[in-house]
Ligand SMILES: C[S@@+](CC[C@H](N)C(=O)[O-])C[C@H]1O[C@@H](n2cnc3c(N)ncnc32)[C@H](O)[C@@H]1O
């Protein structure tokens, strides 16, 4: 006699949960940032004093250029370039972050979409992607991320990219960030991050993934993006509790 189908279905469903998670883990991160958006409104110290100044010092701010802010969050970078006269499209996998961008930093065009799947009808002169790849949980998705950057850039267009520099930060739990690593740091391993907001509240904990510099450069190269420059980023805060040496880098890639 056949078992009742609903019993079979339930067993099948429970067994397939780990696979469902594996297959769709990018979707999980959409929800992670939906939750974090509630705590992220003012932006964090690392962004303000290290990453954003580093990006602004290096990206050409010429009026009329079209720029994609991939993983734009609440639009902190998009709005700066928008005010400089560039044409901005900001995209983010989190609906809540896009809503926040529209409210807090209106002006640029914001789209709610997974950046690894995005294909614009018009290619961009510049793509910036600040602290997004460290949210990507699988190497296949990282490859898709760079392929999407490649497809969305004009020939000779540039990608300005930053990443959570796990190798350097392991010894660096300074007062604006806390990180908890597994004993063995391997490619794609998950670690927990908390960041301090500008109003001294904490954002997090949330999950990040370790992608080494080599993995990043190789994945970009596979898609047709060549590394043309690595710029070490130093803190501009002058505060004592910031590390003296660069812990982050800005990677500048060019489409062949
Ligand atoms: C650390 S925040 C950085 C936000 C922004 N780039 C900035 O500089 O303020 C990471 C952002 O990446 C977004 N993100 C993560 N994975 C993404 C994906 N696959 N496509 C688009 N956005 C993504 C998150 O939703 C989040 O808003």
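The values are calculated or read from the model by the stated rules, or taken from the named source; none is laboratory data. Computed from a predicted structure; not experimentally measured. When we count neighbours, we look across all protein chains shown, and the Cβ atoms used for this are built from the backbone with ideal geometry, even at glycine.
Let's see how each residue does on (1) in contact (Cβ under 8 Å) with a residue 40 or more places away in the chain; (2) closer than 18 Å to residue 138 by Cβ; (3) surrounded by fewer than 16 Cβ atoms within 10 Å (Cβ to Cβ):
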position: 178; (1), (2), (3): no, no, yes
position: 183; (1), (2), (3): no, no, yes
position: 188; (1), (2), (3): yes, yes, yes
position: 197; (1), (2), (3): yes, no, no
position: 203; (1), (2), (3): yes, no, no
position: 210; (1), (2), (3): yes, yes, no
position: 215; (1), (2), (3): yes, yes, no
position: 222; (1), (2), (3): yes, yes, yes
position: 226; (1), (2), (3): no, no, yes
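For residues that are within 13 Å of the ligand (Cβ to nearest atom), over 22 Å from residue 93 (Cα atoms) and either surrounded by 20 or more Cβ atoms within 10 Å (Cβ to Cβ) or modelled with pLDDT under 95 (or both), tally how many sit in segment 50-68. Step through it out loud before you land on a result.
Initial filter on segment 50-68 (within 13 Å of the ligand (Cβ to nearest atom)): 50-56, 59, 67-68.
Next, only the ones that are over 22 Å from residue 93 (Cα atoms) stay: 50, 53-54, 56, 59.
In the following step, the residues that additionally are either surrounded by 20 or more Cβ atoms within 10 Å (Cβ to Cβ) or modelled with pLDDT under 95 (or both) were identified as 50, 53-54, 59.
Residues meeting the conditions: 4.
Being assigned to a strand (DSSP E or B) and modelled with pLDDT of 80 or more is the filter; apply it to segment 158-177 and report the residue that is nearest to residue 256 (Cα to Cα). So the residue we want is 158.
Could you tell me whether segment 192-204 includes any residue that is under 22 Å from residue 250 (Cβ atoms), at pLDDT 80 or above and out of contact with any helix residue (DSSP H, G or I) (no Cβ under 9 Å at 6 or more places or on another chain)? No, there is no match, as no residue in segment 192-204 is under 22 Å from residue 250 (Cβ atoms), at pLDDT 80 or above and out of contact with any helix residue (DSSP H, G or I) (no Cβ under 9 Å at 6 or more places or on another chain).
When you look at residue 155, is it within 22 Å of residue 97 (Cα to Cα), modelled with pLDDT of 95 or more and in a strand (DSSP E or B), yes or no? No; evaluated as a whole, the condition is false for this residue. Residue under question is residue 71, and the condition is that it be surrounded by 18 or more Cβ atoms within 10 Å (Cβ to Cβ), within 20 Å of residue 201 (Cα to Cα) and within 11 Å of the ligand (Cβ to nearest atom); does it hold? Answer is no for this residue. Scoring residue 47 on the criteria (1) more than 12 Å from the ligand (Cβ to nearest atom); (2) modelled with pLDDT under 95; (3) within 18 Å of residue 234 (Cα to Cα) leaves a single failure, condition (1).
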